[in-house]
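Engineer: Have a look at this one before I ask anything.
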Amino acid sequence: MKPTELLMTEHRVIESVLDAAEAFASEVRAGRPVDLGMVEKVLDFIKTFADRCHHAKEEDILFEAMGPLPPVQVMRMEHDMGRAHVRAASDSLPGARQGDEEALRSLSEGLMGYVSLLREHIYKEDNILYPMANQMLGEDDQRRIEAQFEEVEQRDLGEGIHETYLAIAREVCEAASRMGARVRPLPETAHAHHPARES
């Protein structure tokens, strides 16, 4: 499996969590009670799985291999924009737990901003950047990048953490579904160990 295919599998997981995040944010914005513990889990998933794991593979490995191309620079910029949205949502969570209306508004806006940005961002990576990477990178490059992805899993996250966050993804998606939200099902491949780690 090509490194970009591994990243696209992670995109499908992230998209499911984005659906859940949108559902929670919509409830907050409407002034309806929401389990903020689930919102906290969404933010934890974004910070750890989407950013420390997935974005680290892109920024530190794939993007570096592709060089300073304009599309790559745009993707890096959008990662930073996403982090700003998540930071705003996280910073507002303590106040939201106290029922502060400004904090609740900031929480909803931060989540919705992230969801909107990431959906477009993922589309651009899947349909523009990753095909470009596959044209640029030879088989040796692909194998090297896949090995480096495994190093990120082990060094930056640790054994079993990938699976832990897949379980969190399932939990928040199920919670959003129970609220009546339409949440994309997690890909079947996400229920197994990370493909690069099987031996």
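The values are calculated or read from the model by the stated rules, or taken from the named source; none is laboratory data. Only a predicted model underlies this, so the values are computations on that prediction, with no experimental measurement involved. Quick reminder, even Gly has a Cβ in these numbers, built from the backbone with ideal geometry, and neighbours come from all protein chains shown. Heads up: the accessible areas ignore ligands, DNA and RNA and are worked out on the full protein's heavy atoms, side chains in. Shrake-Rupley method; radii C 1.70, N 1.55, O 1.52, S 1.80 Å.
Engineer: Counting heavy atoms of the protein chains only and a 1.4 Å probe, report the per residue accessible area for the chain as a whole number of Å².
Structural biologist: On the way: 9640 Å² over 199 residues.
Accessible area per residue: 48 Å².
Engineer: First compute the accessible area of the chain with a 1.4 Å probe, then give the percent of it belonging to carbon and sulfur atoms. Walk me through the intermediate numbers first.
Structural biologist: Working: 4910 of 9640 Å².
Whole-percent figure for carbon plus sulfur exposure: 51.
Engineer: Per residue of the chain, what 222 nm ellipticity follows from adding -39500 (n - 2.57) for every DSSP H run with n ≥ 4, rounded to the nearest 500?
Structural biologist: Details: 8 runs with 132 residues, N = 199.
Result for the chain, helices only: -22000 deg cm²/dmol.
Engineer: Treating the chain as a set of equal point scatterers at the Cα positions, no solvent, please give the Debye-formula log₁₀ I(q)/I(0) at q = 0.09, 0.19 Å⁻¹.
Structural biologist: With one equal scatterer per Cα and no solvent, log10 I(q)/I(0) is -0.34, -1.33.
Engineer: I would also like to ask the following. Which loop-located GluC sites (Glu not before Pro) does the stretch 1-37 contain, where loop means any DSSP state but H, G, I, E or B and the Cβ has at most 13 other Cβ atoms within 10 Å? Mind dumping the intermediate values first?
Structural biologist: Numbers: sites: E5, E10, E15, E22, E27; in loops: none.
Taking the stretch 1-37 and a limit of 13 other Cβ atoms within 10 Å, no loop GluC sites (Glu not before Pro) are found.
Engineer: In vacuo Debye scattering of the stretch 19-89, one point per C-alpha: log10 I(q)/I(0) at q = 0.13, 0.19, 0.21 Å⁻¹?
Structural biologist: Here log10 of I(q) over I(0) equals -0.48, -0.81, -0.90.
Engineer: From the Cα trace of the stretch 148-191, what convex hull volume per residue do you get, rounded to a whole Å³? Could the numbers behind the result be given before it?
Structural biologist: Details: hull volume 3.3 nm³, N = 44.
With only Cα atoms used, the stretch 148-191 gives 76 Å³ per residue.
Engineer: Could you give the length gained by full extension between R83 and Q98, i.e. 0.36 nm per residue of separation minus their alpha carbon distance, to one decimal place? Write down the numbers at each step before the final one.
Structural biologist: Working: separation 15, 0.36 × 15 = 5.40 nm, distance 2.40 nm.
Contour length minus the Cα-Cα distance gives 3.0 nm.
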